[in-house]
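The values are calculated or read from the model by the stated rules, or taken from the named source; none is laboratory data. Bear in mind that the values here come from a model prediction, so they are computed numbers and not experimental data. We place every Cβ from the backbone using ideal geometry, glycine too, and count neighbours over all the protein chains shown.
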Amino acid sequence: MKTIIQVRVLLVALIFSAAVSVHAQMTAQPGTVENPNAVADMKVVADFTNALVAGDVAQMRSLMGDKFMAYGPAAADSSNAEQYIKGWVEGAYKTATNRKVGFVTQSFKVLQGDLAGNWVSTWGTYTFTQDGKNIVVPYQTTFRIADGKIQDSHHYYDNLSIITQLGFTVTPPKKM
């Protein structure tokens with residue numbers, strides 16, 4: 001009988017501990033809810049992404065907020081609107097042909113903290129031809145939207161994959 005009581009006390013303590021842990025996690029992290037502007041915000045992102053790939057700089061610019069910032073793919077990479085556009089104009093638009101993109105979107109709202117706001121995430125594949133090679137780039141980008149404009153974007157893709165598809169090789173350092 002004593003063993004049964006000890007097991008019950010232990011079980012109650014574990015349940016209480018799990019409940020406290022879940023509550024602590026919920027209060028320590030900003031919560032997310034459904035984005036009330038999801039449809040409109042996802043359209044902004046879709047229009048921006050399609051304009052980007054099509055080379056429609058005027059449309060891209062019209063969808064960027066006054067303090068637009070782009071981040072990624074590396075943690076230290078960042079650019080404002082003009083730097084971002086210049087990178088595409090002087091890079092992909094001059095060297096890449098047959099640019100295409102396919103993606104899906106998902107939207108959410110962060111309720112508090114530094115990340116508060118309406119967000120749209122895209123997962124997709126960007127393809128283009130350069131130097132006669134067809135390049136495939138899986139990517140993920142998350143955009144913060146306010147007042148119908150993109151405030152910031154966070155891009156994630158594999159640069160090494162792109163350069164190896166273009167024919168570059170990586171040479172390991174010489175042993176010391």
Taking Asn118 and the conditions (1) closer than 17 Å to Asp158 by Cα; (2) modelled with pLDDT of 95 or more, which numbered condition does it fall short on, given that it satisfies the others? (1)
Keeping to segment 87-131, report how many residues are in contact with a strand residue (DSSP E or B) (Cβ under 7 Å, 6 or more places away or on another chain) and without any contact (Cβ under 8 Å) to a residue 12 or more places away in the chain. 1
What are the residues in segment 114-141 that are of a type outside the set (A, V, I, L, M, F, W, C) and under 9 Å from the mean Cα position of the chain (by Cα), if any? Ser121, Thr122, Tyr139, Gln140, Thr141
Going through segment 95-120 in order, the residues found to be buried (at least 18 other Cβ atoms within 10 Å of the Cβ) and in a loop (DSSP other than H, G, I, E, B) are Ala96
Qualifying positions in segment 111-127 - touching a Lys or Arg at 6+ places or on another chain (Cβ under 9 Å) and either aliphatic (A, V, I, L, M) or outside the structural domain of Asp158 (by TED's automatic domain parsing) (or both): Leu115, Ala116, Val120
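Here's the yes/no breakdown for (1) of a type in the set (Asp, Glu); (2) within 18 Å of Arg99 (Cβ to Cβ); (3) surrounded by fewer than 17 Cβ atoms within 10 Å (Cβ to Cβ):
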{"residue": "Asp131", "(1), (2), (3)": "yes, yes, yes"}
{"residue": "Ile135", "(1), (2), (3)": "no, yes, no"}
{"residue": "Pro138", "(1), (2), (3)": "no, yes, yes"}
{"residue": "Thr141", "(1), (2), (3)": "no, yes, no"}
{"residue": "Arg144", "(1), (2), (3)": "no, no, no"}
{"residue": "Ser161", "(1), (2), (3)": "no, yes, yes"}
{"residue": "Thr164", "(1), (2), (3)": "no, no, yes"}
{"residue": "Thr169", "(1), (2), (3)": "no, no, yes"}
{"residue": "Pro173", "(1), (2), (3)": "no, no, yes"}
Take Val89 and decide whether it is touching a helix residue (DSSP H, G or I) at 6+ places or on another chain (Cβ under 7 Å), in a strand (DSSP E or B) and in the same structural domain as Ile145 (by TED's automatic domain parsing). no
Kindly list the number of the only condition in (1) closer than 20 Å to Gln59 by Cα; (2) at pLDDT 95 or above; (3) buried (at least 17 other Cβ atoms within 10 Å of the Cβ) that fails for Ala92. (2)
I'm checking my understanding of the structure. Among residues of segment 56-79 that are surrounded by fewer than 16 Cβ atoms within 10 Å (Cβ to Cβ) and assigned to a loop (DSSP other than H, G, I, E, B), which one is modelled with the highest pLDDT? Asp56
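Among the residues of segment 44-52, is there at least one that is among the acidic types (Asp, Glu) and over 20 Å from the mean Cα position of the chain (by Cα)? Walk me through it before giving the result.
So in segment 44-52, the residues among the acidic types (Asp, Glu) come out as 47.
From what's left, over 20 Å from the mean Cα position of the chain (by Cα): none.
Checked segment 44-52: no residue is among the acidic types (Asp, Glu) and over 20 Å from the mean Cα position of the chain (by Cα).
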Please give the number of the condition Glu82 fails out of (1) modelled with pLDDT of 95 or more; (2) touching a strand residue (DSSP E or B) at 6+ places or on another chain (Cβ under 8 Å). (2)
